[in-house]
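The values are calculated or read from the model by the stated rules, or taken from the named source; none is laboratory data. Just so you know, these numbers come straight off a predicted model, no measurement behind them. Neighbour counts run over all protein chains shown; Cβ positions are idealised from the backbone, glycine included.
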Amino acid sequence: MVTVTVSAAGKPPAVARGLPFTVEIPGKSIDQVTIGDVKSSLAARFPKVRGCTALSALKKNADYRIYYQFYVSRQKLSLKGSKAALADDVTLKDTDGAELSVKDLGPQISWKVVFLIEYVSYFIFFVVVIWMLTDLYDAMEGWTYAHPPCDISPHPTFLRN
């Protein structure tokens, strides 16, 4: 059985209030236990934490609560006193049994979602602009374009029929 102590890097995260915590991983040697195993055991130790939303502060009579979970992708493990993150495939033998510190990275979204938001939003924006322009041109149906021969201004003149 392998034991390692995990403490908070700075302020303890809201999703893991019980830090420092001793992680025990049975059935494996120190050569086999990776940082990913430690992250998985931390996620199992702190499954869900109930948090309060701003909406619940406004509506006192209803219980509007959201649940945060300490996912593996939300954790950054590093050596105590170091800011460099440890990769998931690093074994505990490589860390020399030192104490680890964990930091909450917050909710994470995938790059696919970022890509969709970034590129699909332009298409939606242009569809809305074209739709608004067709409404504008439909509203100007009774107007005609007049360009007097002695008009020097670069702006066209619109006259009402």
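Side notes on the structure shown:
- The number of residues in the range 75-102 that are under 19 Å from Thr22 (Cα atoms), in contact with a Leu (Cβ under 8 Å, 6 or more places away or on another chain) and of a type outside the set (Ser, Thr, Tyr) comes to 10.
- Any hit, the range 113-125, residues being modelled with pLDDT of 85 or more and among the acidic types (Asp, Glu): yes
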